[in-house]
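Novice: Just dropping this structure here.
Readers should treat all values here as calculations from the given coordinates under stated rules, not as data from a laboratory. Every value quoted in this text rests on a predicted model; they were computed, and no experiment measured them. Neighbour counts run over all protein chains shown; Cβ positions are idealised from the backbone, glycine included.
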Amino acid sequence: MKVVALLGPESAGKSRLAEQLRAHFGGEVVGEYVREYFAALGRDTCLADITPIARGQLAREDAARARAPALLLLDTHLLSNRLWSLALFGACPRWLNPTLLSRHYDLHLLLSPHGVPWQADGQRCQPALEQRLAFFDANRHWLELHGQPYAVLEGDWAAREAAAVRHVATLLGGA
């Protein structure tokens, strides 16, 4: 099983790209648990919500790993939980980083905010490009600091999809 995580700021196309990759290669997509959690919450999130959000995401990821698809595509993972917690609340649960580092990901596709428009959806909160760039940079910094394999995807939707297909095909051995 190869595990690919899609990362980056909101509205950069992670969900869209995960589905495009699944359609191209097959496999399974694990979506963002936080969207359902937030929709059911009925209020803004707070620091105390980060642990149940992260545990819900991990439970989904672990269930998918147990099914062992040839390709597992993660619309997000604990790094997003960690970075959003820091961005929104200035702190995050201590267990997030070591738990994230204990898990294996074959490739991270880091989506740039450049080249695609931000779209409001009722849950997004970073309309300013500067905010999304800071979130992108925080992802890249963490990936580099911890020696994680990643590729940056930029450009319009077609360019992102083409680059993602190339990277995943290489990961799968030219599939």
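Novice: Can you show me the helix-derived [θ] at 222 nm for the chain, built from DSSP H runs with n ≥ 4 at -39,500 (n - 2.57) apiece and divided by the number of residues, rounded to the nearest 500.
Specialist: After summing the helix terms and dividing by the residues of the chain, the value is -16500 deg cm²/dmol.
Novice: Rank-order 54-60, 128-134, 40-46 by packing density, defined as the average count of other C-beta atoms within 10 Å over each peptide's residues, highest first.
Specialist: Numbers: 54-60: 18.0, 128-134: 14.4, 40-46: 10.1.
Result, highest mean Cβ count within 10 Å first: 54-60, 128-134, 40-46.
Novice: Oh, and also: Quick one: give the max-minus-min coordinate of the C-alpha atoms of region 2-171 along each principal axis, largest first, in Å.
Specialist: 39, 36, 32
Novice: Can you find, among THR51, VAL4, SER15, the residue sitting farthest towards the positive end of the charge dipole of region 1-51, where Lys and Arg contribute +1 and Asp and Glu -1 at Cβ?
Specialist: The residue sitting farthest along the positive end of the dipole is VAL4.
Novice: Roughly how big is region 1-156's charge dipole about its Cα centre, with Cβ charges of +1 (Lys, Arg) and -1 (Asp, Glu), in debye to the nearest 20? Walk me through the numbers on the way to the answer.
Specialist: Details: 16 positive and 17 negative charges, 79 e Å.
It comes to approximately 380 debye.
Novice: Which FRET efficiency value, to the nearest 0.05, do you get for ARG67 and LEU172 by plugging their Cβ-Cβ distance into 1/(1 + (r/R0)^6) with R0 = 25 Å?
Specialist: Efficiency, rounded to the nearest 0.05: 0.90.
Novice: Something else now. Work from the charge dipole of the chain (Cβ charges, +1 for Lys and Arg, -1 for Asp and Glu, about the Cα centre) and give the residue of HIS141, ALA64, TRP84 farthest towards its positive end.
Specialist: Farthest towards the positive end: ALA64.
Novice: Under unit Cβ charges (Lys, Arg +1; Asp, Glu -1), what dipole magnitude, rounded to 20 debye, does region 37-124 have relative to its Cα centre? Please report the intermediate quantities before stating the final value.
Specialist: Details: 9 positive and 7 negative charges, 40 e Å.
Roughly 200 debye, rounded to the nearest 20.
Novice: For the chain, build the charge dipole from Cβ charges (+1 Lys, Arg; -1 Asp, Glu) around the Cα centre, then report which of VAL34, LEU172, ALA128 sits farthest towards its positive end.
Specialist: It is LEU172, whose Cα lies furthest towards the positive end.
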